[in-house]
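Working notes, beginning with the structure itself.
A short reminder: the numbers here are calculations on the coordinates, not readings from a lab. Keep in mind that what you see is a predicted model, and the values were worked out from it rather than measured. With ideal geometry, Cβ positions are generated from the backbone for all residues, glycine too; neighbour counts draw on all protein chains shown.
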Amino acid sequence: MQVLKDRILTEGVVKGGNVLKVDSFLNHQMDITLFDAMGEELKRRFKDEKITKILTIEASGIGIACIVARHFGVPVVFAKKSESKNLDGDLYTSPVYSFTHQKEYMIRVSKKFITEEDRVLVIDDFLANGKALIGLFDILGQSGATVVGAGIAIEKGFQGGGDALREQGLRIESLAIVEEMGEGFIKFRD
Ligand code: 5GP
């Protein structure tokens, strides 16, 4: 998606440890006009899939997921990373190693919000090694819901998580795939 690639090129900062910082439009300040265009594009790609629910993971997936969900007219469920008094009843859980925080979280989704009748699209801001998606797909597997696939804003293709999931037959649609990056340069997959 060219408009997203242009923003990455003009505002993205490549940090050490394979981190791409895009906090002026995606991870801290959020450009809702851009999010809306991303939602429109994902709706175009998944329009025939009869999606009933969007699933994401807190925190930075939530903003994008909400705007995407407006285009599909369905609710968003976000997996929580910590225990909470507000989270009661039966839960699906899965361990996820966080790329940015470098620690393992147990993610949790209440069983009442995803059932086997659902057809679910997973949304996240970044795809790197694929751990967040694997955890979310694991939760969907537990629920018996149909996994439609995942819509991602930025995939770092060189970390391999997306291609490994595609090889398993999962549909992963990323709006920008960074093939290579380093100090002062970012190169996209065609
Ligand atoms: P994965 O689980 O695929 O290794 O990493 C995906 C998760 O880590 C995303 O939910 C995202 O929040 C975070 N993440 C991974 N790489 C980056 C990055 O380069 N920049 C930012 N801002 N977040 C990232």
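Does segment 63-77 include one or more residues that are closer than 28 Å to Lys112 by Cα, among the hydrophobic types (A, V, I, L, M, F, W, C) and within 12 Å of the ligand (Cβ to nearest atom)?
yes
Which residue out of Arg108, Arg119, Arg166, Arg171 is basic (Lys, Arg) and over 18 Å from Arg45 (Cα atoms)?
Of Arg108, Arg119, Arg166, Arg171, the one residue that is basic (Lys, Arg) and over 18 Å from Arg45 (Cα atoms) is Arg108.
Looking only at residues in segment 128-145 that are assigned to a helix (DSSP H, G or I) and more than 10 Å from the ligand (Cβ to nearest atom), which one is nearest to Glu167 (Cα to Cα)?
Phe137
Taking strands (runs of 3 or more DSSP E) that do not extend beyond segment 146-190, which have at least 3 residues that are within 13 Å of the ligand (Cβ to nearest atom) and surrounded by 19 or more Cβ atoms within 10 Å (Cβ to Cβ)?
146-156, 172-182
Testing Leu121 on (1) more than 13 Å from the ligand (Cβ to nearest atom); (2) within 25 Å of Gln102 (Cβ to Cβ); (3) of a type outside the set (Val, Ile, Thr), one condition comes back false. Which one is that?
Unmet condition: (2).
Applying the selection to segment 78-93, what residues are under 16 Å from the mean Cα position of the chain (by Cα) and more than 12 Å from the ligand (Cβ to nearest atom)? Reasoning before the result, please.
Of the residues in segment 78-93, the ones under 16 Å from the mean Cα position of the chain (by Cα) are 78-81.
Within segment 78-93, Lys80 is the sole residue that qualifies.
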